[in-house]
Amino acid sequence: MEPQARFFGGNAEAGIRCTLCPHCCGIPDGGFGVCGVRGNGNGKGVIPFYGLVTALALDPIEKKPLFHFRPGSSILSIGFAGCNLRCPFCQNWNIARVPDACAGGVSVPGRRMTPVEVVSTARHNDSKAIAYTYSEPLVHAEFLLDCMSLAHGHGIANVLVTNGCIGTEAAGEILSLADAANIDLKCFSPTTYAQVLGGTLVETDGKEAGLLKAVLAFIRLAHAKNVHVEVTTLVVPGMNDSAVELDACADFIMSLNDPGIPWHLSAYHPGYLWKAPATDPGFLLGAKERAEKKRRFVYAGNIPGEENNTLCPCCDTLLLRRSGYRTEMVGLAEPASGEAFYRCAGCGGGTGIVC
Ligand code: SF4
Ligand code: SF4
């Protein structure tokens with residue numbers, strides 16, 4: 001059966017409109033929106049990339065990164081083509097930027113899978129969770145909804161690794177089926193989101209305009225729906241590495257009133273169109289230290305040798321020892337019956353770490 005395209009509505013000046021994300025692309029007949037995967041076929045919304053899986057692997061969950069959700073477990077990870085942002089430092093640009101890749105003679109790799117095949121693959125590999133990850137899964141909302149619903153029917157958890165740029169209608173539906181999410185907060189400037197990260201929408205309704213506004217709303221909604229949330233900020237020299245910018249990100253996360261939300265500050269490495277030198281490890285560790293004055297759980301990513309251990313927020317007992325993607329559960333006690341979170345083996349207090 002042909003997959004049903006949703007989230008298209010209304011006419012644009014020369015074509016139809018996709019309403020899935022804040023770009024609200026007007027798409028002419030035969031064309032595609034900014035993401036390169038949602039288009040107009042004879043005046044109707046089409047999703048020819050439905051189920052085209054470009055990457056599939058069994059990953060340590062720490063690689064997503066998720067540090068406080070089922071630590072030490074493996075997760076079936078699937079990725080797709082296309083993305084609704086155009087980050088100039090994208091490490092997956094040949095998959096994320098479908099039109100650029102095709103223009104450069106790169107064909108998009110992949111194999112067509114049904115939701116049934118994805119869920120069977122997870123079960124066959126004894127994976128209790130599926131991550132929708134690598135480039136931007138949300139632009140494949142229809143496939144995600146089909147897959148996530150089926151996964152839940154088999155007791156498999158759903159994990160989103162996403163830029164969070166999506167409209168409220170789809171966000172509500174997808175987050176209702178999500179158990180955990182690592183969401184990018186790439187900066188706190190609407191101008192940077194619009195101009196550097198490739199958005200085409202610049203609103204003037206205050207500081208949370210356009211794409212940034214959608215990301216903040218997505219993070220808030222995920223948290224409000226009791227999805228386990230972790231936030232990632234790739235620290236890119238010259239783009240978002242000022243103290244003011246990083247403090248604004250930290251303050252936003254604090255505004256969710258949940259000290260248990262981990263914040264991953266990750267080092268950038270040159271790639272695609274962005275050639276500035278990599279983030280200095282010393283700078284990143286300094287940013288982490290500064291953030292720790294505001295937040296309990298801050299981790300520094302993409303720095304070889306950085307331990308990133310987790311200590312109990314109450315008594316400083318070592319709970320999780322990490323080495324690369326290897327995690328040892330050294331100070332976690334099983335939860336009391338009916339509880340979803342590990343307890344600290346030292347003081348017996350709650351850890352907020354999902355088991
Ligand atoms: S998902 Fe966003 S970028 Fe893609 S076609 Fe729809 S509105 Fe445009
Ligand atoms: S959001 Fe991620 S996948 Fe999309 S362009 Fe940016 S870095 Fe690449």
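Laid out as a table, the results:
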quantity	calculated
In degrees, nearest ten, helix 281-292 long axis to first principal axis of the chain (Cα)	70 degrees
Highest average packing first - 9-16, 314-321, 79-86, 238-245, Cβ atoms within 10 Å	79-86, 314-321, 238-245, 9-16
Helix-only CD estimate at 222 nm, as mean residue ellipticity for the chain, using -39500 (n - 2.57) per DSSP H run (n ≥ 4)	-7000 deg cm²/dmol
Given charges at beta-carbon only (K, R positive; D, E negative), |dipole| of the range 309-355 in Debye	180 debye
Computed label-point distance, nm, for sites residue 117 and residue 173 using a 7 Å Cα→Cβ extension	2.3 nm
Under 23 Å, Cα to Cα: Lys pairs in the range 140-296, sequence gap 8 or more or different chains	10
The chain, dipole about Cα centre (Lys/Arg Cβ +1, Asp/Glu Cβ -1), debye to the nearest 20	260 debye
Relative contact order computed over the range 309-355 (Cα-Cα under 8 Å; 6+ residues apart), in percent	28 percent
Length released on extending from residue 340 to residue 91, taking residue separation times 0.36 nm less the Cα-Cα span	86.2 nm
In degrees, nearest ten, helix 141-153 long axis to first principal axis of the chain (Cα)	50 degrees
Accessible surface of the chain [probe 1.4 Å, protein heavy atoms]: carbon and sulfur percent	53 percent
Loop-located trypsin sites (Lys or Arg not before Pro) in the range 253-317, at most 12 other Cβ atoms within 10 Å (DSSP)	275, 293
DSSP-defined beta bridges in the chain - what % are antiparallel, rounded to 5	50 percent
Angle between the chain longest axis and helix 243-254 axis [Cα atoms, degrees, rounded to 10]	80 degrees
Charge-dipole axis of the chain as Lys and Arg at +1 and Asp and Glu at -1 on Cβ define it, positive-most pick from 74, 182, 212	74
Evaluated over the range 52-306, the Cα radius of gyration and Dmax, each in Å	17.5, 50
Filtered chymotrypsin sites (Phe, Trp or Tyr not before Pro), the range 279-333: DSSP coil and at most 15 other beta carbons within 10 Å	325
Under-5 Å amide H pairs with residue 69, H placed in peptide plane, nonlocal only	354
Dmax and Rg, reported as Rg then Dmax, of the range 309-355 (C-alpha, Å)	10.2, 32
Max mean-square fluctuation residue, GNM over the chain, Cα-Cα springs under 10 Å, options 176, 107, 337	337
Calculated log₁₀ intensity ratio I(q)/I(0) where the Debye formula runs over C-alpha points of the range 127-269, q = 0.08, 0.12, 0.14 Å⁻¹	-0.21, -0.48, -0.65
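The values are calculated or read from the model by the stated rules, or taken from the named source; none is laboratory data. Here the structure is a predicted model, which means the values were calculated and not measured. Don't worry about glycine lacking a Cβ; one is built from the backbone with ideal geometry, like all the others, and counts go over all protein chains shown. Keep in mind that these areas ignore ligands, DNA and RNA; they rest on the heavy atoms of the full protein, side chains included. Shrake-Rupley method; radii C 1.70, N 1.55, O 1.52, S 1.80 Å.
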